[in-house]
Amino acid sequence: MTRLHNFGAGPGVLPLEVIKACKKNLEELGSSGLGLMETSHRSPVFQAIVDEADARLRRLLGIPDDYSVLFLQGGASLQFHMSALNLLDRGEHAEIIVTGTWSQKAYSEIDKLGEVRAIWDGAQEGFTRVPDHSEYSVSEDAAYIHYTSNNTIYGTQFHEMPDSRGRPMVVDASSDITGARLDVSAHDVVYAGAQKNLGPSGVTVVILSPWALEKGREGLPSMLDYKVHESKGSLFNTPNTYGIFVLKEVLGWIERGGGVQTAIDRNAAKASLLYGHLDSSDFWAPRALKSSRSVMNATWRISDHGLEAAFLEGAEERGLMGLKGHRSVGGIRASMYNALELSSVEALVAWMTEFESMHS
Ligand SMILES: Cc1ncc(COP(=O)(O)O)c(C=O)c1O
C-alpha cells in the first residue's frame, strides 16, 4: 500500500508508527487477551492508558500540577458552549477576539448562554490577520477572554499570546496544540479536538486551571459539568477508549521525537519551504498577512483563480491529497500538522513549480 501525502485539515495525518500500534492493539491490547475496542473503560489496563495519556500531555505541555486534564467527547464545538456554561455566571460577560469561523462559532454559542462582547473582529478584513495587543482592550470586569490560537480555515495564527490584562483566558487550541508554543499556565481553559495534532476525532482534550474548575456553576447537567468529569478522572461515562489510546500513542511519538520544541522546529521548516515558494512569484497569492501566517494551515489562491481546479486535480494525480480550501473560502489550503513529513511539502512544492511553468 502506498500512503499518499495527507494535507487534510482534520482528521489529519497520523504517524505511521502510531497506526501500526493501533492495528496491533486492536486485535489484542498489550497481552491482555482482549482487543483494544473490547476492553472495559473500568479495567486496570485501560486506567493505565488514561494515566499515561495524562502524564505524557502534562510533560509535553508543561501543565502545572494543580491543573486538571480531561479527555471528553463532543469535539471543540461542545467546548464553545461548555466552557461558557461552566465559567459565566449570571450578570457576567465574556470577551472574545474574533479571528475566523471558529471564533465566530464560539461567539454565537456563548451568546446563547449569556453576554459576550467581541473586542476585536477581523471579518471586515476577510480574516487575513490576528490583532496585536494595541488593537483591543479587555474590560476589568470581563469574566474571561476567549481566542482561537490557530485559525484552521483562514490560515492565521497568534504567534504571541493575546494580552488578557490579567483576566482569565480561554483558548481553542484545536489546530496547533503540541505544534506551537503554548504557555498553559497563562490560561484557565485550553481545549482542543484531537483530530489534527493529537489523534483521531471523537476525543477532546480540556485543560483547566484550579480557578476554572472551581468556577463551575452548581446544578449543571452532569455531562456538561467540568467538576463531574474531573472528579471521575474522565471516566464519568464511557469515554472514547479507542481515541484515548491513539492520543496516548501520538503523545508518545511526539516525546520520542524530541518533544514540542522539536515539533515546532520541524513545523517551521515545512512552513518556511512552502511560504518561501508562495512568495517567490505573483502566480501565487497567499491569503494571510505575513505576520499572522499559520505554520499549521497555509491558505492561498492562484492569482488566476480559474487554474485552481486543474491544480487540485493534478495534485491528486500525484498523491497530494486534501489541498482544497475550506468550502466557505475556496482556494487552496495545505495543513501541515506535526505528523506531516517535510518530504510531503517538498512534493507539493515540486508540483507547484511544475504547474507554474506549465501556465506562465
Ligand atoms: C480551531 C478549531 N476549533 C474548533 C473546531 C471544531 O472542532 P470539532 O469538529 O472537534 O467540534 C475546529 C475544526 O476544524 C477547529 O479547527
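The values are calculated or read from the model by the stated rules, or taken from the named source; none is laboratory data. Values in this document were obtained by computation on a predicted structure and should not be read as measured data. Neighbour counts run over all protein chains shown; Cβ positions are idealised from the backbone, glycine included.
Descriptive notes on the structure:
- Restricting the stretch 1-21 to residues that are farther than 16 Å from Leu348 by Cα and in a loop (DSSP other than H, G, I, E, B), the residue that is farthest from the chain's Cα centre (by Cα): Met1
- Pairs where the first residue, in the stretch 42-56, is under 18 Å from Ser31 (Cα atoms) and the second is part of a loop (DSSP other than H, G, I, E, B) and small (Gly, Ala, Ser), C-beta under 7 Å, 6+ apart: Val45/Gly30; Val45/Ser32; Phe46/Ser40; Val50/Gly233; Val50/Ser234
- Subset tally (residues that are in contact (Cβ under 8 Å) with a residue 60 or more places away in the chain and in contact with a Gly (Cβ under 8 Å, 6 or more places away or on another chain)) for the stretch 95-118: 0
- Test: residue in the stretch 328-338 that is in contact with an Asp or Glu (Cβ under 7 Å, 6 or more places away or on another chain) and either at negative phi or in a helix (DSSP H, G or I) (or both): yes
- Across the stretch 293-307, not a single residue is classified as part of a helix (DSSP H, G or I) and either touching a strand residue (DSSP E or B) at 6+ places or on another chain (Cβ under 6 Å) or of a type in the set (Lys, Arg) (or both).
- Subset of the stretch 313-325 (residues that are over 13 Å from Ala298 (Cβ atoms) and part of a loop (DSSP other than H, G, I, E, B)): Arg318, Gly319
- The stretch 48-76, subset part of a helix (DSSP H, G or I) and in contact with a Lys or Arg (Cβ under 7 Å, 6 or more places away or on another chain), residue nearest to Gly193 (Cα to Cα): Ala53
- Here Ile244 meets each of (1) over 18 Å from the mean Cα position of the chain (by Cα); (2) within 16 Å of the ligand (Cβ to nearest atom); (3) in contact (Cβ under 8 Å) with a residue 60 or more places away in the chain with one exception, condition (1).
- Top-ranked residue of the stretch 100-131 - restricted to ones that are within 18 Å of Ala173 (Cα to Cα) and part of a loop (DSSP other than H, G, I, E, B), ranked as nearest to the ligand (Cβ to nearest atom): Gly100
- Beta carbons closer than 6 Å, at least 6 apart along the sequence or on distinct chains, pair a first residue in the stretch 160-173 that is within 16 Å of Met82 (Cβ to Cβ) with a second that is more than 16 Å from the ligand (Cβ to nearest atom) for Pro168/Tyr144; Pro168/Asp188; Val170/Tyr144.
- From the options Val190, Val260, Val203, Val250, residue that is over 21 Å from Leu340 (Cα atoms), within 17 Å of the chain's Cα centre (by Cα) and surrounded by 16 or more Cβ atoms within 10 Å (Cβ to Cβ): Val190
- Ser68 being touching a His at 6+ places or on another chain (Cβ under 9 Å), closer than 20 Å to Val184 by Cβ, at pLDDT 95 or above and more than 16 Å from the ligand (Cβ to nearest atom): yes
- Enumeration of residues in the stretch 80-105 that are surrounded by 21 or more Cβ atoms within 10 Å (Cβ to Cβ), under 15 Å from Ile145 (Cβ atoms) and in contact with a strand residue (DSSP E or B) (Cβ under 6 Å, 6 or more places away or on another chain): Ser83, Leu87, Ala94, Glu95, Ile96, Ile97, Val98, Thr99, Ser103
- Residue in the stretch 263-302 that is farthest from Phe158 (Cα to Cα), counting only those that are among the small types (Gly, Ala, Ser) and surrounded by fewer than 20 Cβ atoms within 10 Å (Cβ to Cβ): Ser281
- Single residue of Tyr191, Tyr147, Tyr154, Tyr136 found to be hydroxyl-bearing (Ser, Thr, Tyr) and touching a His at 6+ places or on another chain (Cβ under 9 Å): Tyr154
- Verdict on Glu92 being at pLDDT 95 or above and farther than 30 Å from Ser335 by Cβ: yes
- Selection within the stretch 266-302 - over 21 Å from the mean Cα position of the chain (by Cα) and under 19 Å from Ser343 (Cα atoms): Leu273, Gly276, His277, Leu278
- Lone qualifier among Asp141, Asp176, Asp163 - being charged (D, E, K, R) and buried (at least 23 other Cβ atoms within 10 Å of the Cβ): Asp176
- Residues that are assigned by TED's automatic domain parsing to the domain that holds Gly75, under 30 Å from Glu17 (Cβ atoms), in contact (Cβ under 8 Å) with a residue 60 or more places away in the chain and within 16 Å of the ligand (Cβ to nearest atom) do not occur anywhere in the stretch 213-229.
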